[in-house]
Amino acid sequence: MGPERDPAAALRRIAFLLERSQAATYRVKAFRTAAAAVDAMAAGEAAERVAARSLERVTGIGPRTAEVIRESLAGEVPGYLDRLEREAAAETVPEGGEELRALLTGDCHLHSDWSDGGSPIEEMGRTAAELGHAWAVLTDHSPRLTVARGLSPERLRQQLTVVERLNAEWAPFRLLTGIECDILPDGSLDQEPELLEQLDVVVVSVHSKLRMDPGPMTRRLEAAVRHPRANVLGHCTGRLLDGRGRPESRFDAERVFAACAEAGTAVEINCRPERQDPPLRLLRAAVAAGVLFAIDTDAHAPGQLDWQLSGCARAEECGVAADRVVTTWSAERVLEWAG
């Protein structure tokens, strides 16, 4: 038995590992809630409650989380954490990608609980910094994606104020302002033009009418990536690989990627396991077109911010040059490009 460990850190690490493996949200929430409860305690209170056997009387702490707290304060590695760490170590790791992953400095696509993410902005930013990022872009959804609690212009303006406050506390890490903006059927973008002008980075993605005929879909994507405020084309085919799946949207990739290259809009290499978008054949076509790339997690929880290695492996397999990847750039260079 060694010196006592930080129980809140152990609880957050468990939540991180559960998110990384896409565990059920309620399981993750139990550990993040318990971590917040421990953080709110006075110095020494957790140990006093262990001695008095009153931990589970605290709102937000249950039998499983109380056990993690007791083991941490006893100087032990909590058994549940140890099991998750061993399971994570045993996961199949993609071949390659390590060299490019070491060069990454940020992530252009992540969500908070302001839209359909599971954690506060603070938790997402703190985790990005802990993973070694110098910057990340907060890209909650735009208004018409109501199923994902898309941000109205008013809510997005409120979010900009929150991000400004956090950046004052977080320097040198920087959370850039952004949005995942829905590409509407006519190729226009789902947000007020004046508000888009205020954002650092704009990711544009299709979330509706994904089975549109190839001709109209091609024109839709071309119009979007040529928009003056479009910076990244998100998950370009919209495919889903798990469960019942969803087929790729059909479009003329040569035309769309040529438009991206001409406009300076990066093509996202989406690292979500169920997306892996674009498919390798289209990723090679994008390389041939001379586009920029953004290797992004599309994270909806802090633990998912650790998914970039798979995208890096796919990028290396297809011959993506590191300097063509905007997520290897400094925040200053990203802002200059995106602006």
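The values are calculated or read from the model by the stated rules, or taken from the named source; none is laboratory data. Given the structure is predicted, the values throughout are model-derived calculations rather than measurements. So basically every Cβ, Gly included, is an ideal-geometry build from the backbone, and we count neighbours across all protein chains shown. Note: accessible area is taken over every heavy atom of the protein model, side chains too, but ligands, DNA and RNA are not part of it. Shrake-Rupley method; radii C 1.70, N 1.55, O 1.52, S 1.80 Å.
Annotations for the structure displayed:
- Selection within the stretch 292-302 - among the hydrophobic types (A, V, I, L, M, F, W, C) and within 15 Å of T328 (Cβ to Cβ): L292, F293, A294, I295
- For the stretch 137-182, filtered to residues that are of a type in the set (D, E) and open to solvent by less than 90 Å² (accessible area, probe 1.4 Å), the residue that is farthest from the chain's Cα centre (by Cα) is D182.
- Just one residue in the set G118, G79 is without any contact (Cβ under 8 Å) to a residue 24 or more places away in the chain and more than 22 Å from W329 (Cβ to Cβ); that residue is G79.
- Residue in the stretch 2-9 that is farther than 24 Å from A128 by Cα and modelled with pLDDT of 95 or more present: no
- For the stretch 278-296, taking the residues that are of a type in the set (A, V, I, L, M) and assigned to a loop (DSSP other than H, G, I, E, B), the one that is nearest to F16 (Cα to Cα) is identified as L292.
- Failed criterion for A51 (all others in (1) among the small types (G, A, S); (2) within 16 Å of T33 (Cβ to Cβ); (3) open to solvent by 40 Å² or more (accessible area, probe 1.4 Å) hold): (2)
- Of all the listed residues (P214, P185), the sole one being more than 27 Å from A288 (Cα to Cα), surrounded by fewer than 18 Cβ atoms within 10 Å (Cβ to Cβ) and at pLDDT 95 or above is P185.
- Selection within the stretch 101-120 - open to solvent by less than 10 Å² (accessible area, probe 1.4 Å), in contact with a Gly (Cβ under 9 Å, 6 or more places away or on another chain) and under 15 Å from R324 (Cα atoms): C108
- Residue match in the stretch 297-317 (condition: crowded, with 24+ Cβ neighbours inside 10 Å, part of a strand (DSSP E or B) and either in contact (Cβ under 8 Å) with a residue 12 or more places away in the chain or not acidic (D, E) (or both)): yes
- Residue count for the stretch 318-330 satisfying the condition of being open to solvent by 10 Å² or more (accessible area, probe 1.4 Å) and either touching a residue at least 40 places away in the same chain (Cβ under 8 Å) or not basic (K, R) (or both): 9.
- Options A148, A134; residue that is in contact (Cβ under 8 Å) with a residue 60 or more places away in the chain and touching a strand residue (DSSP E or B) at 6+ places or on another chain (Cβ under 8 Å): A134
- Check on D277, of a type outside the set (A, V, I, L, M) and without any contact (Cβ under 8 Å) to a residue 40 or more places away in the chain: no
- Yes/no for S21 being within 22 Å of A128 (Cβ to Cβ) and surrounded by fewer than 16 Cβ atoms within 10 Å (Cβ to Cβ): yes
- Members of the stretch 13-36 found to be within 16 Å of the chain's Cα centre (by Cα) and among the polar types (S, T, N, Q), listed by number: S21, Q22, T25
- Scanning the stretch 243-281 for residues that are open to solvent by less than 30 Å² (accessible area, probe 1.4 Å) and under 13 Å from A230 (Cβ atoms) turns up V256, A259, C260, G264, T265, A266, V267, E268.
- Pairs linking a residue in the stretch 204-233 that is over 21 Å from H111 (Cβ atoms) to a residue that is among the charged types (D, E, K, R) and crowded, with 19+ Cβ neighbours inside 10 Å, with Cβ atoms under 8 Å and 6 or more positions apart or on different chains, are M212/R220.
- Check on A224, touching a strand residue (DSSP E or B) at 6+ places or on another chain (Cβ under 7 Å), among the small types (G, A, S) and under 19 Å from F293 (Cα atoms): yes
- Where a residue in the stretch 88-103 is under 19 Å from F293 (Cα atoms) and its partner, wherever it lies, is open to solvent by 80 Å² or more (accessible area, probe 1.4 Å) and of a type in the set (D, E), with Cβ under 7 Å and at least six apart: G96/E317
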